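**Student:** Please read through the structure below; I'll follow up with questions.
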Amino acid sequence: MAVFYAFCCIFCSAMNDFVFKLFARKPRSRGLFVMIIGAAWSLASLCLPGLRGASWQITIIWGVISGFFSVVGNLLLIEAMGKQSAGICSTIYRLNLALVVPGAWILFKENNTLLQIFGIIAAFAAVLFFLPGSKNSSGSDPREARLGLILVIIAAILRAGMGLSYKYGFNLGASANGVNLINALCWIVGGGIYFLFRERGNTVLAVWDRKVTGYGILSGLFVFGIVFFMAHSVRLGNASIVLPIMQMSFVVTFVLSAVFLKEKLTVYKFFALLCGAAALLLLSIK
C-alpha cells in the first residue's frame, strides 16, 4: 500500500505543479494564494478521522515542524518560478531526493536493495536530463536568475526536511490525519504573514481576484491529496524508497505542459522521461 499511496501522491503533485506554473506566469499575490490553499486544504482535512489514540502532543509538534518546512518551501518555489524558468525550478526542486536517501539512512537506519539504489540513480539522472537547454525567465538580469536558483535550492532542502520530518513524527506516534490538518493551518498563517510583511504595500500584488481564489482552491485540493498520500506512504513504507518515488511527479507535469502549454520535447527531455520511468519501476520493487 505504501507504493500505491506514493503513486497517488505523484498524480496530485504533478497536477499541483502545473497549477503553480499557471499561477506564477503573472504577478499575483503569493501570500493570498497560499492562504486560500491552506483554507481549502483545512476544510478537506476536517473530513478525516481524528487522532484515534495517537499522541496529540507529538502530533502538534511534528505537524508544526513539517508545516514550517512545507509552507516556506512552497513559497520559495513559487517566488523562484517568477524569477527563473519553471522547468529549472521544478527539476531542482525534485533534487531533494538526493538529500532524502542519506537522511533516511542516518535517521532511520534504512537499507536499500541494489535495484532500489539503481532506481535512485535513475531518478537523479532523470532530473539532471531536464536541465540542459533550459532558459531563465528573468530576461537580461542575471541577478534575478541567480536569486531564483538560490531560492529553489533552499526550497528543495526544505522539501526533503518535510518528508523526513513526517517519517520521524509518525515513528514517535503522531497522527497522519492530525499532521495533515496542522500543516494546512500553517499555510494559512504562513501565507498571511508573507502577505502582511512583503506584499501588502504592492498595489499589483495586494489584489484578491477570482483567479487567485480559483487557483488557490484547486491547488488546495491537490495539496491536501499530496500530504494525505505522502503521510500514509511514509508511515507504511521506507522513507528512502517512497519519497524518491514521489519526486517523479515532474514526468507527469512535463506531459501536461507539453499538451496544454505546447512545450517542446527535446532529446534531453526524452531521456529524462526514460530515466524517470526506469526509476519508478526500480523503486517500486520491494
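**Student:** Which value in nm describes the separation of the simple spin-label points at Phe197 and Glu110, placed 7 Å from the Cα toward the beta carbon?
**Tutor:** It is 3.2 nm.
**Student:** Now a separate question. Name the most mobile residue of Gln84, Gln116, Gln57, meaning the one with the largest mean-square fluctuation, in a Gaussian network model of the chain with Cα contacts below 10 Å.
**Tutor:** Gln57
**Student:** Can you pull out the trypsin sites (Lys or Arg not before Pro) in the stretch 17-95 whose DSSP state is coil and whose Cβ has at most 10 other Cβ atoms within 10 Å?
**Tutor:** Passing sites in the stretch 17-95 are Arg52.
**Student:** Quick one: with all protein chains in place, what share of the accessible area of the chain is carbon or sulfur, to the nearest percent (1.4 Å probe)?
**Tutor:** Roughly 72 percent of what the probe reaches on the chain is carbon or sulfur.
**Student:** Right, next: Calculate for the chain the 222 nm mean residue ellipticity that helices alone would give, adding -39,500 (n - 2.57) per DSSP H run of length 4 or more and normalising by residue count, nearest 500 deg cm²/dmol.
**Tutor:** Value at 222 nm, helices only: -26000 deg cm²/dmol.
**Student:** Just how large is the dipole of the chain about the Cα centre, in debye to the nearest 20, putting +1 at every Lys and Arg Cβ and -1 at every Asp and Glu Cβ?
**Tutor:** With only Lys, Arg, Asp and Glu charged at Cβ, the dipole is about 340 debye.
**Student:** In this model, which of Lys211/Lys269; Lys26/Lys264; Lys83/Lys211; Lys21/Lys167; Lys167/Lys269 are farther than 23 Å apart at the alpha-carbon?
**Tutor:** Where the Cα-Cα span goes over 23 Å, the pairs concerned are Lys211/Lys269; Lys21/Lys167; Lys167/Lys269.
**Student:** Now a separate question. Per residue, how much accessible area does the chain show when a 1.4 Å probe rolls over the protein heavy atoms, in square angstrom?
**Tutor:** 45 Å²
The values are calculated or read from the model by the stated rules, or taken from the named source; none is laboratory data. Nothing here was measured: the structure is a model prediction, and the numbers come from that model. Positions of Cβ are backbone-derived with ideal geometry, glycine not excepted, and every protein chain shown enters the neighbour counts. Heavy atoms of the whole protein, side chains included, go into the accessibility calculation; ligands, DNA and RNA do not. Shrake-Rupley method; radii C 1.70, N 1.55, O 1.52, S 1.80 Å.
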